[in-house]
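Reading through the structure tokens given below for one structure.
Just so you know, all these numbers are worked out from the coordinates, no wet-lab data involved. Everything numeric here is computed off the predicted structure, so don't read it as measured data. So basically every Cβ, Gly included, is an ideal-geometry build from the backbone, and we count neighbours across all protein chains shown.
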């Protein structure tokens, strides 16, 4: 009985769930880049986004978790899929000359170096505990500090929307 | 029994009960819809199997189980299989965060039960997020069958869902501002006391209630917004090529979504489990009774609309969504924000 209880406690613990969702996120992210079929890549990306959302939830910010799914998985990826399905994109053929390949290898090495530094924890101080609940998040975002930036972003988005409509429709 | 084991068992029990109640309600609704619709059209409807035709859903289920499973030769196998699964998963996940009544003590024990599977801080947002994932089932089903009717139906359906999701989300905002919380139980608590406090009243969120209900009808593709499956043009829309149990799963997701919308309407606008009139008894299991009655009323309104209103044309649908519903919802947000900022602080 005690063993069962400890097992249950472990299964519902944050650490265990974090590793489960991280594993899914990494595996599906690998799927995004390794798949040749673009539609499968898109679906792998959706799985990645959803597991990242779960990790946000575990970090104590359900608001960001919900936004992650609503904005990225629910809106942006659907548009991606639409385009892929309507254009009927076929399997991607291996492309790129020697220059592209060597650039890719270089960037991969840089990324590996960064990951190595992050994993060994050299020169990295863990962030202080913070309150990521919906209310405190809103207080920061709509507070005096970011208010004008926030409003400027909204104007930018409206301008982009109007521009998109104008480009898409020749005659209004 | 240790606390953690007890909590997990209770949670498991709640999930099992809720799933079965929903499945039962789904099969009941298929019958009720046909009978009520028949009544409205001066017909009898299915009344042969069992008393009042009550066993008709069981007969339908058995028939669908034994039907031949047909799959188009040119279909994309994994996507064709994934679409019904995504539809049902999204439908069930959405309803997992909705409360069905006030917390009560189980009879003969001292265990407090909250009739809700998960009480999330961001309940409403979670529901929006999960229902937005439900669009994938439509996109996948439409694309994977490799049939022109499915593809056109899928495109129409998803365009309709995007258009009305905006109005739906904006209708929530007023309700959230009045309650000051995303948590659905807080929103219900804000409508406590008299029936005059219900959000459906014109001086509360009447406009939002109308916008929400219309947008939700479009979101679950019910008449007058059922043109994704306008049979004269598109056979059956995105699930044209589905047969046997996969077809049944698609239907199930649609009905479960309809039940979710009814449950949400009850919680957000009709005062949830509050009776609203002071002479009605409260406490104990009464909350669940009031809640069930309201949900059945909203479900009846759904069927009533289907029996009354003709289908929109596609351009009318887009026009109505973008040029009528969204401005109305925006107006409601502005008005509510002004009232909350000036008087409620």
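For B:67, B:14, B:323, what ranking results if the residue with the fewest other Cβ atoms within 10 Å of its Cβ goes first? Intermediate values should be presented prior to the final figure.
Values: B:67 13, B:14 17, B:323 10.
Least crowded to most crowded, the residues run B:323, B:67, B:14.
Which of rounded, prolate or oblate describes the stretch B:253-345 when judged by the alpha-carbon gyration tensor and an a/c cut-off of 1.5?
Numbers: a/c = 2.88, a/b = 1.20, b/c = 2.40.
It comes out oblate by the Cα gyration axes.
Can you sort B:194, B:150, B:181 from fewest to most other Cβ atoms within 10 Å of each residue's own Cβ? Write down the numbers at each step before the final one.
Numbers: B:194 13, B:150 26, B:181 20.
So the residues, fewest neighbours to most, are B:194, B:181, B:150.
If you count, for every residue in B:121-133, the Cβ atoms of partner chains within 10 Å of its Cβ, what is the mean? Intermediate results must be reported in sequence, preceding the final value.
On the way: counts 9, 10, 2, 1, 8, 6, 1, 5, 11, 4, 2, 7, 8.
Counting Cβ atoms of other protein chains within 10 Å of each residue's Cβ and averaging gives 6.
What value, in deg cm²/dmol to 500, does the helix sum -39500 (n - 2.57) over DSSP H runs of n ≥ 4 give at 222 nm once divided by the residues of chain B? Mind dumping the intermediate values first?
Working: 12 runs with 218 residues, N = 345.
Value at 222 nm, helices only: -21500 deg cm²/dmol.
Count, for each residue of A:68-75, the Cβ atoms from other chains sitting within 10 Å of its Cβ, then give me the mean as a whole number.
Numbers: counts 1, 7, 10, 2, 0, 5, 11, 4.
The shielding value for this peptide is 5.
Percent of alpha carbon pairs in the stretch B:67-343 separated by more than 32 Å? Could the numbers behind the result be given before it?
Working: 10743 of 38226 pairs.
Percent of Cα pairs beyond 32 Å in the stretch B:67-343: 28.
Angle, helix B:123-144 long axis vs. longest principal axis of chain B, Cα atoms, 0 to 90°, nearest 10?
Taking the Cα atoms of chain B, the angle to B:123-144 is about 0 degrees.
With each run of n ≥ 4 DSSP H residues scored as -39500 (n - 2.57), what mean residue ellipticity at 222 nm is computed for chain A after dividing by its residue count and rounding to the nearest 500 deg cm²/dmol? Don't jump to the answer; show the numbers that get you there.
Details: 8 runs with 125 residues, N = 172.
Helix contribution divided over all residues of chain A: -24000 deg cm²/dmol.
Give me B:119, B:226, A:131 ranked fewest to most by other Cβ atoms within 10 Å of their Cβ, as a rough exposure proxy. Walk me through the numbers before you get to the answer.
Details: B:119 15, B:226 20, A:131 11.
Neighbour counts put them in this order, fewest first: A:131, B:119, B:226.
Which angle from 0 to 90°, rounded to the nearest 10, does the C-alpha axis of helix B:326-343 make with the longest principal axis of chain B?
Relative to chain B, helix B:326-343 is tipped by roughly 10 degrees.
If you average 1/r over all unlike Cα pairs in the protein assembly as shown and invert the result, what Kirkwood radius do you get in angstrom? All intermediate terms of the calculation are to be shown ahead of the outcome.
On the way: mean 1/r = 0.0390 Å⁻¹.
By the Kirkwood definition, the hydrodynamic radius is 25.7 Å.
Calculate the all-directions average of the projected area of the stretch B:299-345's alpha-carbon convex hull, and give it in nm². Please list the in-between numbers first.
On the way: hull surface 20.1 nm².
Average of the hull's projected areas for the stretch B:299-345 equals 5.0 nm².
Given axes a ≥ b ≥ c from the Cα gyration tensor, I'd like to know whether chain A is rounded (a/c under 1.5), prolate (a/b larger than b/c) or oblate.
Values: a/c = 1.63, a/b = 1.18, b/c = 1.38.
Cα axes put chain A in the oblate bin.
Semi-axes of the equivalent ellipsoid for the stretch A:133-172, please: Cα gyration tensor eigenvalues, times 5, square-rooted, ordered largest first, whole Å.
Working: eigenvalues 208, 21, 4 Å².
They are 32, 10, 5 Å, listed from largest to smallest.
Is there a simple number for the mean count of other chain Cβ atoms within 10 Å of the Cβ of residues in A:49-58, and what is it? Provide the component values of the computation, followed by the final result.
On the way: counts 0, 2, 0, 0, 1, 0, 0, 0, 4, 0.
Partner-chain Cβ atoms within 10 Å, mean over residues of A:49-58: 1.
What is the stretch B:82-145 by shape, rounded, prolate or oblate, if you read a ≥ b ≥ c off the alpha carbon gyration tensor as root eigenvalues and call it rounded for a/c under 1.5, prolate for a/b larger than b/c, and oblate otherwise? Spell out each step's value before the answer.
Working: a/c = 5.69, a/b = 2.67, b/c = 2.14.
It comes out prolate by the Cα gyration axes.
As I understand it, the value is the acute angle between the Cα axis of helix B:77-95 and the longest principal axis of the Cα atoms of chain B; what does it come to in degrees, rounded to 10?
Between helix and principal axis, roughly 20 degrees.
How much FRET efficiency would the formula 1/(1 + (r/R0)^6) give for residue A:32 and residue A:167, where r is the Cβ-Cβ distance and R0 is 25 Å, rounded to 0.05? Write down the numbers at each step before the final one.
Values: r = 29 Å, r/R0 = 1.14.
Once rounded, the FRET efficiency stands at 0.30.
Mind giving me the nanometre distance, one decimal, between the label points for residue B:278 and residue B:67, set 7 Å out from Cα along Cα→Cβ?
5.5 nm
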